[in-house]
1. Quick check on the stretch 160-172. Is at least one of its residues surrounded by 23 or more Cβ atoms within 10 Å (Cβ to Cβ), more than 24 Å from Q126 (Cβ to Cβ) and either without any contact (Cβ under 8 Å) to a residue 12 or more places away in the chain or within 21 Å of the chain's Cα centre (by Cα) (or both)?
2. Write out, first by first residue and then by second, each pair whose Cβ atoms fall under 9 Å of each other, whose residues are 6+ apart or on separate chains, and whose first residue, in the stretch 194-206, is on the phi > 0 side of the Ramachandran plot and in contact (Cβ under 8 Å) with a residue 12 or more places away in the chain while the second is assigned to a loop (DSSP other than H, G, I, E, B) and open to solvent by 10 Å² or more (accessible area, probe 1.4 Å).
3. Hey, among the residues in the stretch 53-81 that are without any contact (Cβ under 8 Å) to a residue 24 or more places away in the chain and part of a strand (DSSP E or B), which one's most open to solvent (accessible area, probe 1.4 Å)?
4. Being closer than 20 Å to R247 by Cα, open to solvent by 20 Å² or more (accessible area, probe 1.4 Å) and modelled with pLDDT under 95 is the requirement here; does Y20 meet it?
5. Would you point out the residue of the stretch 122-149, among those that are among the polar types (S, T, N, Q) and surrounded by 15 or more Cβ atoms within 10 Å (Cβ to Cβ), that is modelled with the lowest pLDDT?
6. Could you give every pair whose Cβ atoms fall below 6 Å, whose first residue belongs to the stretch 18-34 and is on the phi > 0 side of the Ramachandran plot, and whose second residue is modelled with pLDDT of 90 or more, counting only separations of at least 6 or pairs across chains?
7. Go through the residues of the stretch 121-134 one by one and say whether even a single one is polar (S, T, N, Q), more than 19 Å from the chain's Cα centre (by Cα) and in a loop (DSSP other than H, G, I, E, B).
8. Residues in the stretch 181-195: is at least one β-branched (V, I, T) and open to solvent by less than 10 Å² (accessible area, probe 1.4 Å)?
Amino acid sequence: MSATPGGGVRTLRVPGRHGYAAEFSPYLPGRLACAASQHYGIAGSGTLLILDQNESGLRLFRSFDWNDGLFDVTWSENNEHVLVTCSGDGSLQLWDTARATGPLQVFKEHTQEVYSVDWSQTRGEQLVVSGSWDQTVKLWDPTVGKSLCTFRGHESVIYSTIWSPHIPGCFASSSGDQTLRIWDMKTTGVRIVVPAHQAEILSCDWCKYNENLVVTGAVDCSLRGWDLRNVRQPVFELLGHTYAIRRVKVILIFKLFIFLYIHRFWNFSKPDPLLETVEHHTEFTCGLDLSLQSPTQVMDQSPHIFSYPYTIFNKIIIPVCYSSL
C-alpha cells in the first residue's frame, strides 16, 4: 500500500483489491470509506478501508476484512463511527471504526449479491435500504436484527438504491430491467415506474436541492434527468461518454447544478453542458463521491487491472471547472 501526494490529486494504492464504492464521512473532514473486493468480486474476500487525508496525502486509518466481496458502503447519519457495507454473499455488515475488529452485526436475508446500500438522511429516520441481484429491495433498522419490509417489482438485478433527501420514507432504485422506480415505505409499493433507458441502468442519484429531480446513468452511455412530476420524457439527456456509466452524483455549487459521472463534469443549464473531462485512470471508475466538508473535492476509485498484483487507485481531485463557478 502506498500514498502519492501531488498537485491537486491525492492517491492511495491498495494492491490486491478492486474498488467498488467510496463515500466521504458526513462528520469528519478528510475521512472516507472504501468498499473493495478481490478478483472483481467474482471470487475471494472483501475489505472495508477507512482513509484519512492531510497535507501529505491519504493514509490508511483502519481496515476490516470480510469473507466475500464488498460492493457498497454508507455512513450512519447519527454516529460518526458507524457504517454499513453490503457484499456478494447476500449480507449487510454493520461496522464501528472506533473498534479494531468487526463487524458489530450481520444481516443476511437477500439470496444473491447485494450491490447497493444507503442510509437515510431524513431527520427522525435511522433506516437503511439495500438493493440486490435477487430483484428485491429491503428496508432495515440497524437496531433490529431483521429487515422491516421487502419491496418487489423489478424484473432484473438491482444496481442502485438511494433515499430521497427531501421526502421521508421515499427512495429510488434502478435496475437491469431498464427502469427507474420510486418507492414509498408507508405503502410498501411502487409509486412511479419510469422506463428511463433502453439499457441496464447502473446508477441513480437524487438531487439534494430539487425534490423532483432524479438522475440516471446507464449502459447506453447516456445520463438522463427526470422530473418526477412528469416522467413522459427526460428533462435533459447528456451524451459523450464511450463506456457504461457506473456511478452518477449530483451536486450544487453556487446555485448551478453540476452532474458528474465517471470523469466528466456537466452543467445541464448551459447550451454546451460538458464542463470538464478528467482522465487520470487507465481503467473504469466504480467508486465516486463528493465531499460535503470540502465542496471542491471529489473522490474516485478505479481497479487498475493491468498492474499486478491488481491494485485499487483511490484518488481525491479538485476539478479545474470548480474554480470558475
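The values are calculated or read from the model by the stated rules, or taken from the named source; none is laboratory data. Here the structure is a predicted model, which is why all the values come from computation and not from measurement. As a convention, Cβ positions derive from the backbone with ideal geometry for all residues, glycine included, and neighbour counts pool all protein chains shown. The accessibility values were calculated without ligands, DNA or RNA, using every heavy atom of the protein model including side chains. Shrake-Rupley method; radii C 1.70, N 1.55, O 1.52, S 1.80 Å.
1. Among the residues of the stretch 160-172, not one is surrounded by 23 or more Cβ atoms within 10 Å (Cβ to Cβ), more than 24 Å from Q126 (Cβ to Cβ) and either without any contact (Cβ under 8 Å) to a residue 12 or more places away in the chain or within 21 Å of the chain's Cα centre (by Cα) (or both), which makes the answer no.
2. Short answer, once both residue conditions are applied: none.
3. The selected residue is D65.
4. It is true that Y20 is closer than 20 Å to R247 by Cα, open to solvent by 20 Å² or more (accessible area, probe 1.4 Å) and modelled with pLDDT under 95.
5. Start the filter on the stretch 122-149 by keeping residues that are among the polar types (S, T, N, Q), which leaves 122, 126, 130, 132, 135-136, 143, 147.
Narrowing the set further to residues that are surrounded by 15 or more Cβ atoms within 10 Å (Cβ to Cβ) leaves 122, 126, 130, 132, 135-136, 147.
Values: T122: 77, Q126: 87, S130: 98, S132: 98, Q135: 98, T136: 98, S147: 96.
Across the stretch 122-149, the extreme among qualifying residues is T122.
6. Between residues of the stretch 18-34 that are on the phi > 0 side of the Ramachandran plot and residues that are modelled with pLDDT of 90 or more, the close pairs are G30/D52.
7. no
8. Of all residues in the stretch 181-195, those β-branched (V, I, T) come to 182, 187-188, 190, 192-194.
Okay, now just the ones that are also open to solvent by less than 10 Å² (accessible area, probe 1.4 Å), so 182, 194.
Yes, the conditions are met somewhere in the stretch 181-195.
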